[in-house]
1. Pull out all pairs, ordered by first then second residue, where Cβ-Cβ is under 8 Å, the residues are six or more apart or on different chains, the first lies in region 24-36 and is in contact (Cβ under 8 Å) with a residue 40 or more places away in the chain and open to solvent by 40 Å² or more (accessible area, probe 1.4 Å), and the second is in a loop (DSSP other than H, G, I, E, B) and among the basic types (K, R).
2. Are there any pairs with C-beta distances below 9 angstrom linking a residue in region 59-78 that is closer than 12 Å to L36 by Cα and part of a strand (DSSP E or B) to a residue that is of a type in the set (S, T, Y) and open to solvent by 10 Å² or more (accessible area, probe 1.4 Å), with the two at least 6 apart or on different chains, and if so which?
3. Out of all the residues in region 75-94, which are in contact with a Ser or Thr (Cβ under 6 Å, 6 or more places away or on another chain) and surrounded by fewer than 16 Cβ atoms within 10 Å (Cβ to Cβ)?
4. Please give the number of the condition L47 fails out of (1) open to solvent by 20 Å² or more (accessible area, probe 1.4 Å); (2) touching a residue at least 24 places away in the same chain (Cβ under 8 Å).
5. Restricting to region 29-47, name every residue that is closer than 22 Å to V63 by Cβ and either assigned to a helix (DSSP H, G or I) or aromatic (F, W, Y) (or both).
6. Name the pairs: first residue in region 127-152 and farther than 17 Å from A48 by Cβ, second residue in a loop (DSSP other than H, G, I, E, B) and open to solvent by less than 30 Å² (accessible area, probe 1.4 Å), Cβ to Cβ under 6 Å, at least 6 apart or on different chains?
7. Among the residues of region 129-146, what is the count of those that are out of contact with any Ser or Thr (no Cβ under 6 Å at 6 or more places or on another chain) and either open to solvent by less than 20 Å² (accessible area, probe 1.4 Å) or among the hydroxyl-bearing types (S, T, Y) (or both)?
Amino acid sequence: MSKLDIVTIPDPILRTSSTQIERVDDEVRRLMDDMLETMYDAPGIGLAAVQVGVPKRLIVLDVSDDEDNPNPLFMANPEIVRLGEETRLHEEGCLSIPGIHVDIERPADVTVRYVDRDGAEQELTTDGLLATAIQHEVDHLDGKLIIDFMSRLKRDVVIRKFKKQVRA
């Protein structure tokens, strides 16, 4: 496994729509492993392939709070098939926008269909932090970022700050 570089705003790749994974093979599993190592090292609880410069529909997640007992989830081609009616407010951060946190209200539970690490189709219904993390990472696959939940003024301030850092 190897640690990958995390892409940060204003890199335009973060605004691209990711393409489907044709099949889960050794190359995709290697990317999954590298993404997981990168996410743990960052540290984070979720990472989309586009955040490491690979615009493919692939995410890795681990919301367990016990470092000694990780519980990683690998999802190729995740598709949210149901959103719950109740909502949950959660302060979200993003490895591609370090230091920025946004209170976002999302459905409290979701059902997601995906292809697992072994190439098998799966469906998962979950709630709480995992539901929030799945929605956050699927947003990445569609080119949507947490700053899109901010007012235009606040979003522009954040973008200017990161553009200034890139120029420096």
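1. R29/R117
2. Sorted first by the residue in region 59-78, then by its partner, the pairs are I59/Y114; L73/Y114; F74/Y114; M75/Y114.
3. Listed by number, the residues that qualify are V81, R82.
4. Of (1) open to solvent by 20 Å² or more (accessible area, probe 1.4 Å); (2) touching a residue at least 24 places away in the same chain (Cβ under 8 Å), only one is false for L47: (1).
5. Those that are closer than 22 Å to V63 by Cβ and either assigned to a helix (DSSP H, G or I) or aromatic (F, W, Y) (or both): R29, L31, M32, D33, D34, M35, L36, E37, T38, M39, Y40, D41.
6. Correct list of pairs: D127/A108.
7. 11
The values are calculated or read from the model by the stated rules, or taken from the named source; none is laboratory data. Predicted model, so just to flag it, every value in this text is computed and none were measured. Every residue, glycine as well, gets a Cβ built from its backbone with ideal geometry; the counts of neighbours run over all protein chains shown. Ligands, DNA and RNA are excluded from the accessible area calculation, which covers all protein heavy atoms including side chains. Shrake-Rupley method; radii C 1.70, N 1.55, O 1.52, S 1.80 Å.
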